[in-house]
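Step one of this worksheet: look at the structure below.
The values are calculated or read from the model by the stated rules, or taken from the named source; none is laboratory data. Source: prediction; values computed, not measured. For neighbour counting, all protein chains shown are included, and Cβ atoms are generated from backbone atoms with ideal geometry for every residue, glycine included.
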Amino acid sequence: MVTAKETNCLSRNVLIVGGGPAGLATALMLAKQGCTNITVLEKRPAADYYEPDKSFNYLIDGRGQKLTDLLGLTEELSKIGVPSTEFYLTLIKPNGNQKTFKVPVADPKRKTAYWLPRRAFVLLLYQEIEKNWQHCITVLFNTKCSEISKIAESEKLQVVAETDNNNLVKFAPDLLVGCDGFNSIVRNTLKQWDDSASDRFEMKCFPSPSAGLRYKVLSLPPSFPLDSSGKEQAKCEMAYAIRGAFRGRKLAVSLGLLPLKNPDEPRSANIITWPDYKIWELKNSHQVYDFFEKAFPQLPISQIVSPEEAERFAKSEGGKFPTPQYCSGLYFVGDSIGSASVVLLGDAIHCFPPDIGQGVNSALEDVFVLNEALSKSDRNLSVALPLYESWRFPDIKALIRLAQIAYPWQYNQAPLRRALWNINFFFRLLLSRSLPYIFSPPAFFLIQNHQLFYGEILGKVQRTTQNILVLALMLICGVLALVMFRLQASNF
Ligand SMILES: Cc1cc2nc3c(=O)[nH]c(=O)nc-3n(C[C@H](O)[C@H](O)[C@H](O)COP(=O)(O)OP(=O)(O)OC[C@H]3O[C@@H](n4cnc5c(N)ncnc54)[C@H](O)[C@@H]3O)c2cc1C
């Protein structure tokens, strides 16, 4: 006879939808937990598939490294990433003047973090599967999950996936894991099934000054000249902020390049603006060359941007920064013994603009917390999944609030608001250095401390705001008392 514990334990088959950072990391974590039959469905053709508009760089910090430590991958990560301690930025002005400096908002006291492109990180996880876990993890590329249904009575799941040659493959997992990002089909299916009034699987959205900004990526050669003489070449481990010559709303653009370890990897220059900027009206390669040559007179654009890349850039839709959002339901368990369970991780449950660099780190922390919940519950899913939700949800809520306030004005989308934000940032930093027991550093600094959960960070930030208000009130009362005292003294 099958007991409840046996049906719920991890020895049965697991299907993970999405082979991005969260999906492959979850597969490795479950394999380490003893699960022997894991299948990952990934709609992209390969782990290192290059998509110019998704070629953003990750900074895997101490939070993400809790999981790479668990998987034994941090040493490899350090070999393929650029350490944050070596993060130098060269600012290139339109007149060609350059200035190189260390970025001041990185906290030097924290664990070294590593910069690397998304595809290099996904490949690192995939290579670990290929090397050590092939016997229990199968990754199916070019395979898109298209339908999830419940088989009535038994409460078993049926998952249908389409391959690139239009074949349909069916799965009946005991545990379904949704790591399929922002538009998660797994979460959307749970939303349809959830007949309670709780909206557990509905994404709740919150405003942010950076939500709705559009981004496009210009792919550049691994090394390229920084001036028309061709004497100075871009260095792969150096970050660049290349300022455009155009001024004013709708025209001003900058190119942002993050550091890379691999000298043979193409560089990606991010362009981030409001949707009504001129750059979104460029329709063909001629218009792209014309705009970029005028906008960046300091760069030999025709030597850097190939005609094919100019055409691709013109045709690309780019992307939009999402609104900060989360859902409160992180799991689903059927009522009867033997019924399947579903759990959600990563962008499928929380998503926000890249201001605080926590997208990938929070996804890896989800996996870490799920691992802790499985260990604590002796791998019994009906205990582990509610535990995962109760531990993780308060932090997800705090994370979304932090994404709204920590660093949303960094894209120069509103210079005055950015200046005010900078004043607030340095004021808090100053207060925290002078009176550390009363005032905490700004959120952007605290986030870099991986030993703090997001909920603790938000608590510290809110307490500091209250203390600043109390201080301001005390100052106002002090000044008023002084004025009244002087007035009274002058009446006598
Ligand atoms: C412009 C931009 C810049 C960003 N910059 C940063 C940054 O600097 N730092 C940072 O930490 N984060 C950044 N992020 C966020 C980061 O990319 C995500 O938070 C992180 O990738 C989350 O990983 P994930 O595995 O949960 O989701 P994803 O990375 O979205 O992976 C989901 C995977 O599921 C696959 N998939 C989806 N649907 C299906 C389906 N039906 N069937 C099969 N496969 C499917 C997708 O192909 C994808 O591979 C950025 C995001 C954007 C949009």
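Here are the numbers:
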read-out: Matching option when the condition is surrounded by fewer than 19 Cβ atoms within 10 Å (Cβ to Cβ) and within 22 Å of Arg118 (Cα to Cα), among Pro222, Pro275, Pro259; value: Pro222
read-out: Cross-chain or 6+ apart pairs with Cβ under 9 Å, segment 196-215 first and exposed (fewer than 14 other Cβ atoms within 10 Å of the Cβ), then aliphatic (A, V, I, L, M) and assigned to a loop (DSSP other than H, G, I, E, B); value: none
read-out: Which listed residue, of Ile279, Ile272, is within 28 Å of Pro415 (Cβ to Cβ) and in a helix (DSSP H, G or I); value: Ile279
read-out: Residue count, segment 327-360 (criterion: more than 7 Å from the ligand (Cβ to nearest atom), touching a strand residue (DSSP E or B) at 6+ places or on another chain (Cβ under 8 Å) and in a loop (DSSP other than H, G, I, E, B)); value: 10
read-out: Pair list, Cβ < 8 Å and 6+ apart or interchain, from segment 37-56 residues that are polar (S, T, N, Q) to residues that are part of a loop (DSSP other than H, G, I, E, B) and away from the ligand (no atom under 11 Å from the Cβ); value: Asn37/Arg12; Asn37/Asn13; Asn37/Cys136; Thr39/Asn13; Thr39/Pro173; Ser55/Pro266
read-out: Scan of segment 333-357 for residues that are under 15 Å from Arg392 (Cα atoms) and out of contact with any Gly (no Cβ under 6 Å at 6 or more places or on another chain), ordered by number; value: Val343, Leu345, Gly346, Ile349, His350, Cys351
read-out: Close pairs (7 angstrom Cβ cut-off, 6 or more residues apart or separate chains): under 13 Å from Phe453 (Cβ atoms) in segment 377-401, in a loop (DSSP other than H, G, I, E, B) and aliphatic (A, V, I, L, M) anywhere; value: Arg392/Leu330; Phe393/Leu330; Ile396/Ile349
read-out: Segment 58-116: number of residues that are over 21 Å from Pro442 (Cβ atoms) and touching a Gly at 6+ places or on another chain (Cβ under 6 Å); value: 3
read-out: Single unsatisfied condition, Phe101 versus (1) within 16 Å of the ligand (Cβ to nearest atom); (2) more than 19 Å from the chain's Cα centre (by Cα); value: (1)
read-out: Single residue of Leu213, Leu190, Leu176 found to be within 16 Å of the ligand (Cβ to nearest atom), closer than 22 Å to Ala310 by Cα and either assigned by TED's automatic domain parsing to the domain that holds Arg379 or modelled with pLDDT of 95 or more (or both); value: Leu213
read-out: Filtered residue count, segment 41-79, keeping only those that are modelled with pLDDT under 95 and either acidic (Asp, Glu) or within 11 Å of the ligand (Cβ to nearest atom) (or both); value: 8
read-out: Segment 16-40, subset within 17 Å of Ala384 (Cβ to Cβ) and outside any helix (DSSP H, G or I), residue farthest from the ligand (Cβ to nearest atom); value: Gly34
read-out: Hits in segment 108-136 (condition: more than 17 Å from the chain's Cα centre (by Cα) and part of a loop (DSSP other than H, G, I, E, B)); value: Pro108, Lys109, Arg110, Lys111, Thr112, Trp133, Gln134, His135, Cys136
